[in-house]
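To start, the structure under review is shown below, and the notes come after it.
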Amino acid sequence: MPLRTSWSQDNCPIARAADIFGDPWSLLVLREVFMGNKRFEGIKKALAVADNILSERLRRLIDAGVLVARPYSAGARPRNEYHLTAAGTDALPVLHAMVGWAQRHTESPSGKILRIICANCGSEADSGTGCRSCGTELTVETTVWEHPRTPGRLIELNGPG
Ligand SMILES: [Zn+2]
């Protein structure tokens with residue numbers, strides 16, 4: 001018996017997306033990979049998540065075609081780095097929509113916000129998809145974040161590769 005209902009075969013695209021992104025750990029793993037945190041230990045540290053939970057979410061995101069594991073050598077044993085696929089990279093506007101919604105309708109305990117900044121012109125984007133100042137489409141190549149975790153630091157986003 002499955003642990004949870006699967007919506008992966010649902011006719012509704014919201015249900016199919018929720019099957020992949022509708023889990024907090026999975027979304028936060030994606031956030032970390034977008035921010036360039038690509039290794040198990042680094043993601044584990046950032047999220048303070050148990051090994052088994054992180055392994056399971058990484059497996060789910062790989063099975064969904066959102067992440068791909070690539071081995072790298074660290075000392076004696078090979079380990080994996082996790083990279084976004086093209087489909088994973090295409091989820092950036094999903095995260096941006098969540099940023100916008102949360103900053104309009106929920107409180108940041110510290111008052112700090114996540115700034116989405118157009119790398120082309122330096123303007124703060126007020127939409128998750130395009131820069132209203134210069135018209136640039138906001139992709140991993142053209143967007144930097146200032147994250148509440150590291151105020152004042154601009155974070156280049158990680159794409160496939
Ligand atoms: Zn711009």
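Of the residues making up segment 94-124, not one is crowded, with 16+ Cβ neighbours inside 10 Å, polar (S, T, N, Q) and more than 16 Å from the ligand (Cβ to nearest atom). Listed by first and then second residue, the pairs with beta-carbon distance under 6 Å, at least 6 apart or on different chains, first residue in segment 98-122 and touching a residue at least 12 places away in the same chain (Cβ under 8 Å), second part of a helix (DSSP H, G or I) and more than 16 Å from the ligand (Cβ to nearest atom), are Ile113/Gln103; Leu114/Val99. If you go through segment 125-135 one residue at a time, do you hit one that is assigned to a helix (DSSP H, G or I), within 29 Å of Trp7 (Cβ to Cβ) and among the hydroxyl-bearing types (Ser, Thr, Tyr)? Looking through segment 125-135, none of the residues is assigned to a helix (DSSP H, G or I), within 29 Å of Trp7 (Cβ to Cβ) and among the hydroxyl-bearing types (Ser, Thr, Tyr). Of all residues in segment 136-161, those that are under 15 Å from Met35 (Cβ atoms) and not in a loop (DSSP other than H, G, I, E, B) total 7.
Coordinate-derived values only; no laboratory data. This structure is a prediction, so every number in the text was calculated from the model and none was measured. Note that each Cβ is placed from the backbone with ideal geometry, even for glycine, and that neighbours are counted across all protein chains shown.
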